[in-house]
1. Need one word for the range 137-180: rounded, prolate or oblate. Basis is the Cα gyration tensor (sqrt eigenvalues a ≥ b ≥ c); a/c below 1.5 gives rounded, then a/b vs b/c decides.
2. Neighbouring Cβ atoms within 10 Å as the yardstick, rank 245, 204 fewest first.
3. Which whole-number percent is the relative contact order of the range 104-246 (Cα, under 8 Å, 6+ apart)?
4. Under 1.5 on a/c is rounded, so check that first for the range 108-240, then, if it is not, pick prolate when a/b is larger than b/c and oblate when it is not; a ≥ b ≥ c are the square roots of the alpha carbon gyration tensor eigenvalues.
5. Could you please state, rounded to a whole Å, how far the C-alpha centre of the range 204-278 is from the C-alpha centre of the range 121-146?
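Read the figures in this text as sums done on the coordinates, not as results from a lab. This is a predicted model, so every value here is computed, not measured. Positions of Cβ are backbone-derived with ideal geometry, glycine not excepted, and every protein chain shown enters the neighbour counts.
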Ligand SMILES: Nc1ncnc2c1ncn2[C@@H]1O[C@H](COP(=O)(O)OP(=O)(O)OP(=O)(O)O)[C@@H](O)[C@H]1O
Ligand SMILES: [Mg+2]
């Protein structure tokens with residue numbers, strides 16, 4: 001059994017779980033504790049250095065200008081499988097523009113984007129199959145009910161209707177939407193619309209989930225529900241890339257944090273790494289963030305050595 005699994009191929013993911021692939025297709029995923037020692041040892045040998053993590057998303061020298069304004073300026077990001085990555089930056093920093101290019105909604109001027117291996121620009125359909133994108137303004141259809149919306153999404157993905165129905169029911173339950181499953185979305189609050197959009201994004205079981213400010217507009221209850229769903233997803237090895245202005249959420253949930261300003265990566269690392277800079281040991285993420293974005297043009301050089309600047 002182990003031999004056949006090894007023959008099928010293993011991709012090490014971040015510290016909690018491991019995914020099995022056969023002919024580049026995701027087969028199953030298991031928590032590390034559920035693996036036999038042989039498989040675990042093999043996985044460790046494949047991921048023995050930090051550089052050997054297979055990237056979920058590799059963005060290299062991405063550039064996007066609107067007329068003569070450069071919104072994304074030579075940005076490179078390397079996000080690991082199974083990682084919860086928070087992309088932070090002030091208004092207008094280029095977060096949404098970057099994520100829209102990753103999602104294939106905006107054509108970059110230059111640079112490359114690879115999602116779980118394949119070049120997303122060369123094969124956008126393959127990349128989209130393993131990705132989900134939830135924009136900051138949820139796009140759902142007012143005339144549809146949540147269940148109809150999910151049926152529609154399932155059709156777009158050519159999902160087996162029985163599988164889709166089971167997943168739709170489970171997701172609606174998970175997000176507390178079951179009792180509104182038959183109501184038209186047009187009367188829904190922003191928070192409910194956000195939750196419907198999230199259920200639609202998760203329906204096809206994406207491996208990389210891109211969320212642009214998913215918790216904005218949610219009050220404490222739904223926000224907590226949303227966070228717990230995201231935590232559960234990461235625990236199964238799914239990669240989440242999220243922008244947020246709620247720094248407390250990034251502080252508590254993210255494995256690593258990237259801070260961008262003027263379309264460029266200013267600092268990147270786990271919270272502890274960001275705190276490693278002089279005088280930062282006891283600072284909150286908010287204080288560190290303000291310090292990073294406050295230095296503006298000189299930031300990358302000024303921060304070198306204090307944080308993992310790309
Ligand atoms: N379609 C567009 N046409 C012209 N300029 C644009 C376009 N989209 C974005 N921009 C500009 O690019 C810059 C980056 O915008 P972007 O939406 O990526 O920022 P952001 O980091 O997501 O900001 P926020 O935190 O406010 O969401 C901004 O100056 C914005 O005005
Ligand atoms: Mg934005």
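1. oblate
2. Taking fewest neighbouring Cβ atoms as first place, the list is 245, 204.
3. 28 percent
4. Because a/c hits 1.5 or more and a/b exceeds b/c, the range 108-240 counts as prolate.
5. The range 204-278 and the range 121-146 have Cα centres spaced 19 Å from each other.
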